[in-house]
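The values are calculated or read from the model by the stated rules, or taken from the named source; none is laboratory data. Keep in mind that this is a model prediction, so the values were computed, not measured. Virtual Cβ from ideal backbone geometry, glycine too; neighbours counted across all protein chains shown. For accessibility, only protein heavy atoms count, side chains too; no ligands or nucleic acids. Shrake-Rupley method; radii C 1.70, N 1.55, O 1.52, S 1.80 Å.
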Amino acid sequence: MSEHEPTPTPELVTVKIDGKEHQLPKGKNLLEALLDLGEDISYFCYHPGLSVAASCRQCLVGIRGSMVPSCQTTVSDGLELESQSPTVLDARRQMLEFTLVNHPVDCVICDKAGECTLQRHYMDWDGKPSEIDHEKVEKPKKVDVGREIVLDAERCILCSRCVRFCQEIAESPDLVFEYRGNHETLTTAPDRRLDNSYSLNTVDICPVGALTDKDFRFKIRVWELYATRSVCNGCAAGCDTEVHHRDGRIYRMVPPKDWDMNLNWMCDDGRRTYKSVAAQRLTRPLVDGEPAELDAALAAIKERLEPLLAQDRGAIGVVLGADASNEDNFMAARMAYDFLEAGHVYLADSPDNGLGDDILRRDDPNPNRAGARGCARGDLGSSEDLARDLADHKLEALYVVGDRLDLSDETLGQLRGLKLVVVQASEPSRLTDKAHVVLPAAKWAEVHGTITRTSERAKRDLSASRFGRMRPAVEPPGMARPHWDWLKRVGAVLGVTVEFESAHAVFQEMKKQVPFFAEAQWGGKIPTVMLRFAGRRG
Amino acid sequence: MPARTKVVTVKRGLWENLYLPEIVRGLGVTLKHFFINTLGPKSKRQIVTIDYPDVVRELPERYRGVHRLNTREDGSVRCTACMMCATICPANCIHIEAGERENPASRDIEKFPQVFEIDELVCVVCGLCVEACPCDAIRMDTHVHMPPVEHRKDAVLEKPELMSRGTKSIAVDGGAGPDWRDKYTDLGSLTQIYRPDHIERDRERPARR
């Protein structure tokens with residue numbers, strides 16, 4: 001959690017590992033340095049985002065004849081150590097057997113199986129039955145420790161990662177150890193529950209299956225899932241995320257394992273945003289409330305919009321969406337300013353909810369308010385401005401992109417007086433009930449695209465990754481399509497030929513035209529991969 | 001390498017080329033076997049077909065028959081929905097949906113299969129599911145052929161049917177403990193073998209004449 005400052009190049013010193021000399025940066029954590037060298041070292045309690053506890057003793061190395069936990073040692077000049085000698089490997093094996101003394105080995109029903117560190121180390125290092133032949137200590141099972149989490153204290157190997165996470169990252173010391181020695185047990189602190197807004201990270205960092213996610217519990221085994229890299233659309237922070245899905249259904253969202261902008265964490269609310277993807281969705285275009293074919297819907301827009309285009313175009317309003325991607329808003333802005341020459345351009349967004357903190361979450365619940373503003377040429381009206389213009393009868397047609405436009409009943413009533421209201425939305429709402437033409441839109445987990453994160457962060461500034469990249473995890477339902485694709489089709493029936501084959505093409509055009517996006521990166525190709533084949537997890 | 005061929009010339013005399021006498025001779029061979037196998041003494045009969053299903057051939061001990069699901073002491077299914085069988089199944093014929101027990105006692109296993117279906121038409125009868133099962137829940141030692149079905153959906157066996165052939169397994173949930181060698185000296189005597197009723201019945205009944 002260091003400040004984002006240009007760090008001076010560290011001094012390289014010579015370290016002898018198993019008789020071989022290596023140049024390593026002085027003062028670096030020895031375990032990290034060894035892992036960077038590709039050494040095969042097991043560890044449980046060490047986590048790069050947390051303080052060092054050295055409680056699991058699994059990362060032992062031999063220094064001057066004694067066994068030292070490498071996570072607690074720093075690289076110093078002239079250090080000589082053994083990392084793969086028989087003595088050291090035997091010491092690690094014995095530590096592993098010791099860790100397994102009270103572990104119930106119920107991998108069969110454990111949700112962590114497949115991404116469990118203990119399971120992995122056992123298969124890599126040990127793989128033999130235990131020689132310890134006294135009864136295991138029985139500890140509480142299935143303890144309801146928090147809103148989202150169940151604890152199985154028997155599985156816990158007392159690495160204290162979750163305890164440190166709650167203290168250091170979530171700043172809410174909810175978990176403690178009680179008793180000592182063989183009977184040491186993880187539990188909640190007196191009068192507390194594991195209810196902080198980042199509690200689910202403890203499930204991720206738990207090296208075993210002691211803490212499990214209630215929502216994910218027993219749903220599916222992890223190796224059956226497919227992982228797609230995307231961006232959380234829960235708030236303006238836009239944390240990188242891995243969407244885990246199978247057969248068109250999303251099961252969970254976790255932070256990616258590689259060290260990235262959100263420091264491997266995600267908030268609980270963000271993880272649950274996948275639920276809205278499977279919520280009640282619009283799957284067909286609606287014309288005057290009746291399901292219609294794609295061509296019929298587009299023809300209806302053409303028929304009703306063309307007379308208006310011949311008259312005063314100042315009476316056409318376009319609403320950009322703070323929940324739509326940069327590409328969607330770019331297309332909407334292009335249609336509004338270049339083609340429709342609309343007199344009024346608004347921004348539909350949800351008001352700040354005050355849930356922000358200085359860890360990850362922002363007050364702004366809209367994933368892409370900044371991106372929508374970046375696409376605009378001039379000021380965007382708010383939804384209050386829209387209500388006022390409707391009351392003053394300044395508008396005759398309205399084109400809404402996104403689901404975020406929340407109008408009062410009175411204003412919604414006035415919408416019926418307009419000649420044409422087109423809404424591109426993913427979910428049915430009071431607004432789609434009133435619209436003349438509704439086009440079903442795809443959601444964030446179903447499209448390629450970029451969003452603009454708010455760059456100012458409390459703990460570190462990451463302007464380099466201001467743009468987050470969404471990749472499709474599941475297919476959009478029914479006839480739902482990305483916003484930009486609908487805008488392209490609407491443009492086509494109105495006689496504007498827009499040659500964009502993909503969101504990437506829109507992105508490149510946007511990057512060329514709008515200075516705000518000059519530094520945006522589309523991001524590399526990260527294929528969707530089944531976790532079974534995604535390399536070692538845990 | 002080209003296949004090596006050897007040309008054999010069969011010499012046929014006039015008698016063979018007359019055709020009919022040889023046909024009659026061939027019929028004679030067939031008739032000889034027909035009468036030996038139907039009317040001849042039992043010791044000389046060479047018939048290999050049996051009157052299935054009135055007579056059932058004794059199957060080898062490790063014959064892989066229709067699946068079954070074993071039960072615990074209390075009659076509940078041993079399966080914990082760990083998905084090992086579904087994962088290893090090369091034909092993807094096993095469909096399991098896991099559930100959580102409502103009010104488990106403190107040491108009970110919380111997870112169980114709400115839905116357990118095997119499509120026996122898709123199954124390739126490889127037995128890998130049995131190998132993979134860590135709970136001794138799924139077995140194929142029923143000695144039962146999959147009976148023919150009229151509709152494809154009838155070949156999808158669900159949990160009650162799979163459990164109807166289940167017996168109590170000798171395996172101890174969670175392992176027998178550190179001194180299991182002392183407890184179970186004679187493992188063979190604890191094995192409960194599933195014997196379909198009709199096999200026992202047919203053993204006693206003489207073959208239909």
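Which one is farthest from the other protein chains (Cβ to nearest Cβ), of the residues in the stretch A:88-119 that are under 27 Å from residue A:187 (Cβ atoms) and open to solvent by 60 Å² or more (accessible area, probe 1.4 Å)? The extreme case among them is A:98. Of the residues making up the stretch A:480-504, those that are closer than 18 Å to residue A:469 by Cα and open to solvent by less than 50 Å² (accessible area, probe 1.4 Å) are A:482, A:483, A:484, A:485, A:502, A:503. Residues of the stretch B:101-113 include at least one that is touching a Leu at 6+ places or on another chain (Cβ under 9 Å) and either at pLDDT 90 or above or among the hydroxyl-bearing types (Ser, Thr, Tyr) (or both).
Under 30 Å from residue B:111 (Cα atoms), open to solvent by less than 90 Å² (accessible area, probe 1.4 Å) and outside any loop (DSSP other than H, G, I, E, B) - does that describe any residue in the stretch B:2-18? No, every residue in the stretch B:2-18 fails to be under 30 Å from residue B:111 (Cα atoms), open to solvent by less than 90 Å² (accessible area, probe 1.4 Å) and outside any loop (DSSP other than H, G, I, E, B). When the stretch B:116-145 is filtered for residues that are among the aliphatic types (A, V, I, L, M), within 14 Å of another protein chain (Cβ to nearest Cβ) and not in a strand (DSSP E or B), the ones remaining, listed by number, are B:132, B:137. Counting only residues that are more than 22 Å from residue A:212 (Cβ to Cβ), part of a loop (DSSP other than H, G, I, E, B) and within 14 Å of chain A (Cβ to nearest Cβ), the stretch B:77-103 holds 3 of them. Right, residue A:247: open to solvent by 10 Å² or more (accessible area, probe 1.4 Å), within 14 Å of chain B (Cβ to nearest Cβ) and touching an Asp or Glu at 6+ places or on another chain (Cβ under 9 Å) or not? No; evaluated as a whole, the condition is false for this residue.
Residues that are facing chain A (nearest Cβ under 7 Å) and either surrounded by fewer than 20 Cβ atoms within 10 Å (Cβ to Cβ) or in a loop (DSSP other than H, G, I, E, B) (or both) within the stretch B:105-114 comprise B:106, B:109, B:110, listed in sequence order. Looking at (1) over 29 Å from residue B:81 (Cβ atoms); (2) part of a loop (DSSP other than H, G, I, E, B), can you tell me which one residue A:153 breaks? Here residue A:153 meets the rest and fails (1).
Scanning the stretch A:126-184 for residues that are of a type in the set (Asp, Glu) and within 14 Å of another protein chain (Cβ to nearest Cβ) turns up A:131, A:133, A:135, A:138, A:144, A:152, A:154.
Pairing residues of the stretch A:512-523 that are on the phi > 0 side of the Ramachandran plot with residues that are crowded, with 18+ Cβ neighbours inside 10 Å, at Cβ distances under 6 Å and at least 6 apart in sequence or on separate chains, gives A:523/A:469. Taking the stretch A:11-110 as the region of interest, the strands (runs of 3 or more DSSP E) fully inside it that hold 1 or more residues being of a type in the set (Ser, Thr, Tyr) are A:12-17, A:66-69. Scanning the stretch B:153-172 for residues that are outside any loop (DSSP other than H, G, I, E, B) and either more than 19 Å from the chain's Cα centre (by Cα) or not hydrophobic (A, V, I, L, M, F, W, C) (or both) yields B:153, B:154, B:159, B:160, B:161, B:164, B:168.
So that you can scan it fast, the table gives a plain yes or no per residue for (1) in contact with a Phe, Trp or Tyr (Cβ under 7 Å, 6 or more places away or on another chain); (2) not in a helix (DSSP H, G or I):
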| position | (1), (2) |
| --- | --- |
| A:488 | yes, no |
| A:496 | yes, yes |
| A:499 | no, yes |
| A:507 | yes, no |
| A:512 | no, no |
| A:525 | no, yes |
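Residue A:229 passes all but one of (1) over 28 Å from residue B:97 (Cα atoms); (2) modelled with pLDDT under 95; which number fails? Every condition holds for residue A:229 apart from (1).
Sub-8 Å Cβ pairs linking a first residue in the stretch B:106-120 that is over 19 Å from residue B:139 (Cβ atoms) to a second residue that is aromatic (Phe, Trp, Tyr), at least 6 apart or interchain, are B:110/A:218; B:111/A:218, ordered by first then second residue.
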